[in-house]
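Please read the structure below before turning to the comments.
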Amino acid sequence: SGACAGVALWMVAGPALARAAHGILTERERPALAVRLLGAYAGAFLIAQLLPLDLTIDPGELATKFREGRVLVVPFSHDYASAADAFWDLAADVVLHVPVGALAALGWTRRGTRRAWPTACALGILAVIFVEAAQLLVFTRVSDVTDVFLGAVGVALGAAAVQGRGTRTVMTDEGRWR
């Protein structure tokens, strides 16, 4: 049955995925390639944050999730086993959101332009808030307001990282970037 589902999924989404992959592999301008790769990262990141996708809107299950400590509304209140675990988790929250900030600055803009840093930050932080809010509805995921704060730091760093870059870089026929 899994093979049948895979075949059916490929019949529905395969041609679009193949076109997207071809577009990424044949892209000759760095900014466009970066936006496509950042978009793919953002999509994969969203899916990873919502798996195992055991969604619930049942008030009783949501109350259970809160009572069991899987909804953390006080920033930095998670109890870590060690300082190293805390550092690893908190640093990862920042680093994982840097590409989201870069995408917020570069994505879906006119060719050769990027969003201003404050606008990109606001857009990226809205995406972070959306993901954390969606995790509230995934029964086995932990939704932590700390992730919003640290995600905002990562978004700000990612948006800042692309602000000073040149607007147009092209691959020559010899395969070099100029």
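Any read-out appearing in this document is the output of simple, stated calculations on the displayed coordinates, not a laboratory observation. These figures come from a predicted structure and were not determined experimentally. A quick note on method: Cβ atoms are made from the backbone with ideal geometry, for glycine too, and the neighbour counts reach across all protein chains shown.
Below, the figures for the structure above:
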{"quantity": "Amide H contacts of SER143 (H built 1.01 Å from N, under 5 Å, at least 5 apart or other chain)", "calculated": "VAL71, LEU72"}
{"quantity": "Among LEU62, ALA48, LEU33 - extreme Cα towards positive end, dipole of segment 19-143, charges at beta-carbon", "calculated": "LEU33"}
{"quantity": "Formal net charge of residues neighbouring LYS65 (Cβ-Cβ distance under 13 Å; K, R +1; D, E -1)", "calculated": "-2"}
{"quantity": "Karplus (6.51, -1.76, 1.60) ³J(HN,Hα), θ = phi - 60°, over segment 33-40, in Hz, Gly and Pro reported as x", "calculated": "5, 4, 5, 5, 5, 5, x, 5"}
{"quantity": "Cα→Cβ-extended label distance, 7 Å offset, between ALA63 and THR119, nm", "calculated": "4.6"}
